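The structure appears below as structure tokens.
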Amino acid sequence: MSTDINLFWIRDDKDKRNLFLEYAKQFGETFPDVANILAAVDNKGNLKGFSTILSTEVISDILTFRVEPGESVKEIGHLMLREIENVIEETGIGLIRFIMPCDEEMMCFFADEGYDIVENGSEHAVLYASLFYSDVYRKTITEGKVQKARSISECSPKDQKILKDFFMKNDVGTMDFFNPVLSSAVIEGSEVKGLLLCETKPRGIIIYYMHAAADNPEYLLDCIRVLDKILSGYKAEDPGLMLSFATGNDSELSLLRHLTANIVPVEEFVRDCTATKILKAM
């Protein structure tokens with residue numbers, strides 16, 4: 001490599017963290033405040049790559065892994081990945097994971113670095129504006145009143161604790177990956193009766209998780225109404241907004257087909273894949 005590369009971690013410097021967050025937003029990435037940031041900089045102070053990491057007691061997730069356009073993924077990416085793995089191993093965490101776009105160059109790079117690559121399930125996307133051509137969607141969702149569901153951003157601390165317990169019990173993951181404004185829930189007593197978890201992507205919303213208690217299937221529709229009320233304000237600003245269902249589940253796909261009334265075109269595609277590597281025996 002013709003230019004020396006220096007690697008450094010950014011953890012507590014809020015100003016630098018905010019700079020990286022704003023930079024990441026330019027190419028559709030975001031990361032939570034608790035994530036650690038690794039930066040790769042040349043000897044002239046130019047950014048050549050960066051990555052963000054979020055760890056639990058048993059697994060570390062690579063949230064962002066970017067090598068600047070025109071730079072060598074094999075060289076700079078290798079240096080970054082070795083540093084990430086060394087730090088993670090020192091903490092005693094045994095598994096590292098990266099959910100990445102199905103990009104051939106990046107998939108080959110991680111495979112060459114010893115990672116197992118598995119394509120994730122299919123997503124089914126519709127143009128949000130086109131849903132209004134469906135009488136079923138319009139009458140069931142758009143014209144329906146929200147009953148018991150509410151945005152997770154509006155949930156009380158008590159309800160947030162109920163949601164956290166639900167996530168752990170059902171291996172859902174952490175709310176750090178979801179948009180709390182667009183995500184919604186129906187909570188009765190100490191039970192989560194309905195749940196819709198969404199993530200924001202450039203020009204699109206992904207519904208990653210849907211749940212309704214067996215005796216209250218209508219609560220899922222109520223959660224979708226909350227999402228629809230928010231998205232309806234975006235329609236004029238972004239007519240290309242896509243709504244994607246990362247279902248892989250026949251019953252949830254049937255719900256999508258029902259809401260679109262088989263009138264609205266549904267596009268099926270695979271957005272990303274997962275790279276995993278065991279750093280030590282569990």
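The values are calculated or read from the model by the stated rules, or taken from the named source; none is laboratory data. Keep in mind the model is a prediction, meaning the values are calculated, not measured. Cβ coordinates were reconstructed from backbone atoms using ideal geometry, including for glycine residues, and neighbour counts include every protein chain displayed.
Some values worked out for this structure:
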| quantity | calculated |
| --- | --- |
| Identity of the residue in the range 179-202, surrounded by fewer than 21 Cβ atoms within 10 Å (Cβ to Cβ) and either among the small types (Gly, Ala, Ser) or outside the structural domain of Ser156 (by TED's automatic domain parsing) (or both), that ends up farthest from Asp33 (Cα to Cα) | Gly189 |
| Residue match in the range 107-130 (condition: without any contact (Cβ under 8 Å) to a residue 60 or more places away in the chain and within 17 Å of the chain's Cα centre (by Cα)) | no |
| Every residue from the range 76-100 that is more than 20 Å from Ile37 (Cβ to Cβ) and not hydrophobic (A, V, I, L, M, F, W, C) | Gly92, Gly94 |
| Within the range 240-272, considering residues that are assigned to a loop (DSSP other than H, G, I, E, B) and in contact with a Leu (Cβ under 8 Å, 6 or more places away or on another chain), the one modelled with the lowest pLDDT | Thr247 |
| Residue in the range 27-39 that is closer than 25 Å to Glu105 by Cβ, loosely packed, with under 11 Cβ neighbours inside 10 Å and out of contact with any Pro (no Cβ under 7 Å at 6 or more places or on another chain) present | yes |
| Selection status of Arg138, modelled with pLDDT of 90 or more, basic (Lys, Arg) and assigned by TED's automatic domain parsing to the domain that holds Leu182 | yes |
